[in-house]
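Input: a single structure, listed below in structure tokens.
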Amino acid sequence: MKDLVSNQIVRYLEARAVEHIFGLCGHTNIALLAALEKSESISFVNVRHEQIAAHAADGYARVTQRAAVVLTHLGPGMTNAATGVANAALDSIPMVVIAGDVPSHYFGKHPHQEINLHADAAQYEIYRPFVKRAWRVDQPHLVAEVLDKAFTLAESGRPGPVLVDVPMDVFSAEVDTALFDKVLSNTRALVKPSLDEDVAERIVKNLLAANRPVLYVGGGIVGGDAAAELEEFAELLSLPVAHSLMGKGALRDDSPLVLGMTGFWGTAFVNETTRTADWILALGTRFAEADSSSWYAEYTFDIPATKLMQIDIDPAELGRNYPLEIGAIADIKAALTVLLRVARRLAPAGVDRPELLAKIAADRADQRSRNTEAQASDAWPMRPERILSETREVLPADAIITTDVGWNKNGVGQQFDILTPGTFLTPGGFATMGFGAPAAVGAKIARPDRVVVSLVGDGGFGQNPAVLATAREKNVAAVWVVMNNNAFGTIAGLEKAAFDTTYGTVFGTDGDPMYTDFAAIAEAYGVTGIKVSSAAEFKPALERAIADGGPVVIDVSMVNVPTPTAGHWNIMDIYSPGASLEHVATD
């Protein structure tokens with residue numbers, strides 16, 4: 001039996017239980033769009049810019065923990081989406097990008113919108129540095145096999161995006177449906193590698209013998225659905241848990257064992273605890289620069305003086321930045337299951353560390369007391385600490401938070417409690433400005449039953465305001481809190497500290513500060529906009545927005561003060577050698 005490739009691709013996606021495809025049309029992919037219209041189970045989420053599609057798909061994949069699908073066009077469509085796809089890659093988010101390409105019989109002729117200045121028929125290669133695999137499928141009979149490989153690769157090992165690039169004539173060609181029947185009988189998930197029992201015993205014995213053990217966890221815990229196993233293991237052995245930015249919420253922040261975030265934006269207590277640990281077990285983390293204070297031994301991690309054990313699904317991450325005592329390739333959930341079984345055998349009564357718990361509690365109280373004045377301040381523009389504090393007060397424990405970059409990311413990582421694992425979505429590896437607003441759309445589509453709030457700066461929200469068109473079209477009831485300081489605030493504070501200027505980082509001019517009214521922009525898109533004019537108005541506005549039942553933008557003016565830092569970022573050694581300031585206020 002013969003059928004169009006486009007129809008069979010839709011049949012395959014339906015069989016994989018794909019419910020949403022994020023994308024934008026182009027002359028190379030409309031055959032697939034026409035086939036999608038006939039689907040009773042797949043909805044196309046139409047966007048106004050391909051970066052929005054990729055970020056929204058990223059947010060969707062983080063919440064569902066399954067590969068999201070992006071549909072894009074050749075040339076500018078692919079390059080527009082590239083930032084979002086690269087962001088997903090660096091945060092290990094599974095994604096399948098399907099891109100239209102020029103007709104195969106026009107390869108080498110430079111048809112409309114083709115990128116071929118270096119090589120003919122090579123546009124798919126622009127994704128090669130950041131996707132797990134890039135395929136160009138030139139023959140109809142190969143589509144089924146490649147598509148099946150693409151989903152398997154995106155979701156296995158260290159998850160990440162893949163690209164399936166399809167010439168437009170292949171979408172419209174006929175193919176034997178038996179080829180799709182064959183791959184549809186394939187397994188949907190691979191069995192993942194676990195941890196050897198003997199290795200697990202060595203790890204647990206080292207932790208039990210340690211005087212100052214620490215668990216250091218990253219985004220692999222959340223992405224690997226291992227939060228419950230982590231909590232049980234940490235509680236059994238009373239192990240303090242420090243985390244990277246991406247690992248925030250792997251263990252709920254109100255747990256008495258949570259130390260907090262390490263690195264540049266971490267606190268002095270957390271950094272000192274990890275720096276002076278005698279043994280660290282690292283789980284699903286890359287030891288990224290910001291989390292490790294640029295790997296300077298005097299700030300966050302002093303390895304090998306501290307002995308390190310590391311478990312990760314990606315062998316390239318084992319020992320990348322620090323030497324190991326034990327390195328193990330394993331799925332984090334499976335590994336923690338074995339570690340927990342061994343720990344119950346070796347320490348059936350568990351371990352008590354009352355002095356440690358008291359120190360953690362005291363530091364937590366101290367940190368809160370430091371923020372009390374700012375959280376209660378009636379100052380206008382608002383203090384960011386009050387915005388975060390009142391947001392936490394209003395939101396339910398299982399609300400999903402998306403952030404962008406700046407105070408909304410660094411402040412949330414440091415000061416905002418995540419109470420349900422997997423509810424903190426942030427651009428960690430790429431630190432992409434423009435992620436937070438579209439990611440909220442994907443997260444809300446994935447979990448319409450959850451409250452979804454995007455904490456974004458005006459710089460970040462200004463990157464992709466057209467996300468509101470998609471939110472209105474799909475009635476995505478997310479709430480965007482635009483923390484508006486009329487600047488690229490974090491960089492402004494950095495430039496002010498290093499060079500005593502904010503040139504190019506603050507918006508407008510002395511004569512025209514150009515404050516943008518994002519509430520008015522929302523109204524122009526047909527979305528509810530709320531312009532907050534005093535600190536007292538913010539909390540009621542957020543409560544009203546959540547109850548609204550539709551998309552809402554809250555514009556709140558915020559003073560540009562730096563997020564407190566206790567770690568180190570070595571760019572300061574370049575800009576201002578020997579200086580003690582990292583960032584300063586610009587207002």
Identify, by number, the condition in (1) in contact (Cβ under 8 Å) with a residue 12 or more places away in the chain; (2) farther than 24 Å from Ala89 by Cα that Leu142 doesn't meet.
(1)
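The rows are residues; the columns are (1) modelled with pLDDT of 95 or more; (2) β-branched (Val, Ile, Thr); (3) touching a helix residue (DSSP H, G or I) at 6+ places or on another chain (Cβ under 7 Å).
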position: Gly100; (1), (2), (3): yes, no, yes
position: Tyr106; (1), (2), (3): no, no, no
position: Gln123; (1), (2), (3): no, no, yes
position: Val131; (1), (2), (3): yes, yes, yes
position: Arg136; (1), (2), (3): yes, no, yes
position: Leu153; (1), (2), (3): yes, no, no
position: Arg158; (1), (2), (3): yes, no, no
Mind counting the residues in the stretch 417-434 that are farther than 12 Å from His55 by Cα and either without any contact (Cβ under 8 Å) to a residue 60 or more places away in the chain or not aromatic (Phe, Trp, Tyr) (or both)?
10
Exactly one condition in (1) of a type outside the set (Lys, Arg); (2) at pLDDT below 95; (3) buried (at least 17 other Cβ atoms within 10 Å of the Cβ) is false for Ala189; which is it?
(3)
Going through the stretch 410-443 in order, the residues found to be within 17 Å of Ser255 (Cβ to Cβ) and within 11 Å of the chain's Cα centre (by Cα) are Gly422, Thr423, Phe424
Need the failing condition index for Asp378 against (1) closer than 24 Å to Val199 by Cα; (2) part of a loop (DSSP other than H, G, I, E, B), just the number.
(1)
Positions within the stretch 544-560 being part of a helix (DSSP H, G or I) and β-branched (Val, Ile, Thr), in sequence order
Ile546
Testing Arg370 on (1) basic (Lys, Arg); (2) over 27 Å from Ile52 (Cα atoms); (3) modelled with pLDDT of 95 or more, one condition comes back false. Which one is that?
(3)
Please specify each residue of the stretch 353-368 satisfying the condition of being within 18 Å of Leu215 (Cβ to Cβ) and surrounded by 14 or more Cβ atoms within 10 Å (Cβ to Cβ).
Arg353, Leu356, Leu357, Lys359, Ile360, Asp363, Arg364
What tally of residues in the stretch 212-226 results from selecting those that are among the aliphatic types (A, V, I, L, M) and surrounded by fewer than 21 Cβ atoms within 10 Å (Cβ to Cβ)?
0
Checking the conditions here, which among Thr72, Thr177 is under 23 Å from Val45 (Cα atoms), modelled with pLDDT of 95 or more, of a type in the set (Val, Ile, Thr) and touching a helix residue (DSSP H, G or I) at 6+ places or on another chain (Cβ under 7 Å)?
Thr72
Can you tell me which residue in the stretch 419-443 is nearest to Ile221 (Cα to Cα), limited to those that are among the β-branched types (Val, Ile, Thr) and buried (at least 24 other Cβ atoms within 10 Å of the Cβ)?
Thr423
Please go through the stretch 266-299 and pick out each residue that is over 21 Å from Asn206 (Cα atoms), among the hydroxyl-bearing types (Ser, Thr, Tyr) and surrounded by fewer than 23 Cβ atoms within 10 Å (Cβ to Cβ).
Ser294, Tyr296
What pairs come out if I take residues in the stretch 68-85 that are in the same structural domain as Ile115 (by TED's automatic domain parsing) and pair them with residues that are in a helix (DSSP H, G or I) and of a type in the set (Phe, Trp, Tyr) whose C-beta lies under 6 Å away, six or more apart or interchain?
Ala68/Tyr60
Test Val241 against the stated conditions and say whether it is of a type outside the set (Asp, Glu) and closer than 25 Å to Phe424 by Cβ.
yes
Just the residues that are free of Cβ contacts under 8 Å to residues at least 40 places away in the same chain and either not aromatic (Phe, Trp, Tyr) or not assigned by TED's automatic domain parsing to the domain that holds Leu339 (or both), please, taken from the stretch 299-312.
Asp302, Ile303, Pro304, Ala305, Thr306, Leu308, Gln310
Here are some residues: Gly327, Gly350. Which one is exposed (fewer than 14 other Cβ atoms within 10 Å of the Cβ), touching a Leu at 6+ places or on another chain (Cβ under 7 Å) and either part of a helix (DSSP H, G or I) or not assigned by TED's automatic domain parsing to the domain that holds Ser557 (or both)?
Gly350
In the stretch 14-42, what residues are over 26 Å from the mean Cα position of the chain (by Cα), under 15 Å from Phe171 (Cα atoms) and assigned to a loop (DSSP other than H, G, I, E, B)?
Gly26, His27, Thr28, Asn29
Starting from the stretch 551-573, take each residue that is among the polar types (S, T, N, Q) and list its partners that are part of a strand (DSSP E or B), counting only C-beta distances under 8 angstrom and pairs at least six apart or across chains.
Ser557/Met382; Ser557/Asn484; Asn560/Ala487
Residues that are crowded, with 20+ Cβ neighbours inside 10 Å, under 23 Å from the mean Cα position of the chain (by Cα) and of a type in the set (Val, Ile, Thr): does the stretch 331-340 have at least one?
yes
I want to confirm something. Restricting to the stretch 300-324 and keeping residues that are of a type in the set (A, V, I, L, M, F, W, C) and either assigned to a loop (DSSP other than H, G, I, E, B) or touching a helix residue (DSSP H, G or I) at 6+ places or on another chain (Cβ under 8 Å) (or both), which single residue is surrounded by the fewest Cβ atoms within 10 Å (Cβ to Cβ)?
Ala305
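The values are calculated or read from the model by the stated rules, or taken from the named source; none is laboratory data. Treat the numbers as computed from the prediction; the structure is a model and nothing was measured. Positions of Cβ are generated from backbone atoms using ideal geometry, with glycine treated the same way; all protein chains shown enter the neighbour counts.
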